[in-house]
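Peer 1: Dropping a structure here in structure tokens format, bear with me for questions.
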Amino acid sequence: MNNIAVVGSINLDTTIRTENFPKPGETIHSKEVFTNGGGKGANQAIAAARNGGRVSFIGAVGNDEGGKALVDLLEQDGINTSGIDHLDNARTGSAYVTVDDNGENSIVIYGGANQEVTNEHILDNHQLISTSDYVIAQLETNLSSIEKSFEIAQKESVLTILNPAPAPEFLPEQIVQATDILVPNEIELETISGIKIADEEDLLAAAEKIHELGVRVLIVTLGNKGSFYSISGEKTGVVPAFKVNAVDTTAAGDTFIGAFASKLSHDLKNIEEAIKYGNKAASLTVQRYGAQPAIPYDSEFTI
Ligand code: ADP
């Protein structure tokens, strides 16, 4: 069983279902509104826990009802929440997700407590990182907390996985150099590499660029096309997606990352198998609405 520390965001998601996205200045009716647990960090932690990982979480919520409820949700999935700070001076993070009839989404997030994770808090919880096989981070928390976490991981030979989302304008060198496995989607990869991704040749060119920055493994999620991977100087390939009818792609990438990390061996030898597993788990997520409720348990499928 892989031990996984997630350093990341916890959000209260409000999902709004509409026929189409509203244009600027337009007012439209919603078919349905609901709230769920979300945040890329929390989603990835839950995906890992539901798929066999032993997971601990480092992050922050506000000292409010929403924060308590979200931490309870993590505990219901068996996640160790001792590394979550309850802050008096910040609101719990939130996200507003619009999903149209094609299953596409657009998301506005308010960072709140997620942006207030201090280096002291990371250091106080360093054991959760140093006793893990993998530490996973995204970019919905402040960058200094990620930098500090990856610094601890590197010293202890814990492999670091970075999901560079939301797509950054600028990724600090210290974080990139301390990243073992980078997992962007195509749009995030375009932003980071500066290469427009249209085909596999572009993916290979972008992979070269990412490897030159010091990242050994690149995995790019390609939506309904599956996932591309490249291990520097070793091998590359595409693992196809499972053919399903997607209704809401929220948390597809998060499910992929958590499920993948829960299956990946430290020597990376089973990388294709772990990617196939991540693709399968994500293919179930896209057939359901919402973020956390949509994330499957390994007992729901075989591959
Ligand atoms: P993100 O949610 O970060 O934008 P992607 O859209 O690339 O990420 O999706 C992540 C993973 O989810 C893909 O690699 C794939 O395995 C799965 N997936 C996404 N969309 C579909 C789909 N329409 N059909 C089947 N699998 C999908």
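Bear in mind these aren't lab numbers, they're just calculated from the coordinates by the rules spelled out. From a predicted model like this one, the values you see are computed outputs, not experimental measurements. All Cβ positions, glycine included, derive from the backbone under ideal geometry; neighbour counts span all protein chains shown.
Peer 1: What ranking, highest mean first, results for peptides 265-272, 163-170 when packing means the other Cβ atoms within 10 Å averaged over each residue?
Peer 2: Descending packing order for the listed peptides: 163-170, 265-272.
Peer 1: Kindly rank 125-132, 289-296 from highest to lowest mean number of other beta carbons found within 10 Å of each residue.
Peer 2: Final packing ranking: 289-296, 125-132.
Peer 1: Among GLY226, GLY38, THR98, whose Cα sits farthest toward the positive end of the charge dipole of the chain (+1 at Cβ of Lys/Arg, -1 at Cβ of Asp/Glu, about the Cα centre)?
Peer 2: Sorting the options by dipole projection puts first GLY226.
Peer 1: A further question follows. Normalised radius of gyration for the stretch 3-298, please: alpha carbon Rg relative to 2.2 N^0.38 Å, two decimal places.
Peer 2: 0.94
Peer 1: Please rank LEU139, LEU189, fewest neighbouring Cβ atoms within 10 Å first, as an exposure proxy.
Peer 2: Starting with the residue having the fewest Cβ neighbours, the order is LEU139, LEU189.
Peer 1: Next up: Taking the Cα centre of the stretch 3-298 as the origin and placing charges on Cβ (Lys, Arg +1; Asp, Glu -1), which of ASN163, LEU264, VAL108 is farthest toward the positive end of the dipole?
Peer 2: Of ASN163, LEU264, VAL108, it is LEU264.
Peer 1: Another question about this same structure. First measure r as the distance between the Cβ atoms of ALA167 and SER232, then evaluate 1/(1 + (r/R0)^6) with R0 = 30 Å and state the FRET efficiency to the nearest 0.05.
Peer 2: Numbers: r = 22 Å, r/R0 = 0.75.
Calculated transfer efficiency: 0.85.
Peer 1: What value, in deg cm²/dmol to 500, does the helix sum -39500 (n - 2.57) over DSSP H runs of n ≥ 4 give at 222 nm once divided by the residues of the chain?
Peer 2: Value at 222 nm, helices only: -9500 deg cm²/dmol.
Peer 1: Another question, then. With +1 on the Cβ of every Lys and Arg and -1 on the Cβ of every Asp and Glu, and nothing else charged, how large is the dipole of the chain about its Cα centre, in debye rounded to the nearest 20? If you can, show how the numbers build up before the last one.
Peer 2: Values: 21 positive and 42 negative charges, 121 e Å.
Rounded to the nearest 20 debye, it is 580 debye.
Peer 1: Related question: ILE84's amide H: which non-local residues (gap 5+, or another chain) put their own amide H closer than 5 Å, with H modeled 1.01 Å from N in plane and none for Pro or chain starts?
Peer 2: Residues meeting the criterion, in which the H sits 1.01 Å from N, are GLY59.
Peer 1: Still on this structure, please answer the following. Could you tell me the distance between the Cα centroids of the stretch 108-176 and the stretch 45-71, to the nearest Å?
Peer 2: Distance between centres, Cα-based: 15 Å.
Peer 1: Right, something else. Through the Karplus equation 6.51 cos²θ - 1.76 cosθ + 1.60, θ set to phi - 60°, convert the phi angles of the stretch 254-265 into ³J(HN,Hα) values in whole Hz; use x for Gly and Pro.
Peer 2: Whole-Hz 3J(HN,Hα) from phi for the stretch 254-265: 5, 4, 4, 5, x, 5, 4, 5, 6, 10, 6, 7.
Peer 1: What does the convex hull of the Cα atoms of the stretch 41-158 come to per residue, in Å³, rounded to a whole number?
Peer 2: Measuring per residue, one finds 116 Å³ for the Cα hull of the stretch 41-158.
Peer 1: Can you pull a Stokes-Einstein diffusion coefficient for the stretch 120-279 at 25 °C (0.890 mPa s), Rh from Kirkwood over Cα pairs, as a whole number of µm²/s?
Peer 2: Result for D is 154 µm²/s.
Peer 1: Test of understanding: in a Gaussian network model of the chain with alpha carbons linked when under 10 Å, which of GLY223, GLY38, GLY25 would top the mean-square fluctuation ranking?
Peer 2: GLY25
Peer 1: Here's another thing I want to ask about it. How much length is gained if the chain between LYS196 and LYS225 is pulled fully straight, taking 0.36 nm per residue apart and subtracting their Cα-Cα distance, in nm to one decimal?
Peer 2: 8.8 nm
Peer 1: Hey, another quick one. Nearest 0.05, what FRET efficiency do ASP88 and THR27 give at R0 = 41 Å with Cβ-Cβ as r?
Peer 2: It comes out at approximately 0.65.
Peer 1: How large is ³J(HN,Hα) for each residue in the stretch 164-176, as worked out from phi by the Karplus curve 6.51 cos²θ - 1.76 cosθ + 1.60 (θ = phi - 60°), to whole Hz, x for Gly and Pro?
Peer 2: Values per residue, Gly and Pro as x: x, 9, x, 3, x, 6, 8, 10, x, 4, 4, 6, 4 Hz.
Peer 1: Using θ = phi - 60° and the Karplus curve 6.51 cos²θ - 1.76 cosθ + 1.60, what whole-Hz ³J(HN,Hα) does each residue of the stretch 267-281 get, with Gly and Pro shown as x?
Peer 2: Couplings: 8, 6, 5, 9, 4, 5, 5, 5, 5, 4, 4, x, 4, 5, 4 Hz.
Peer 1: Highest mean first, what order results for 194-201, 248-255 on Cβ atoms within 10 Å?
Peer 2: 248-255, 194-201
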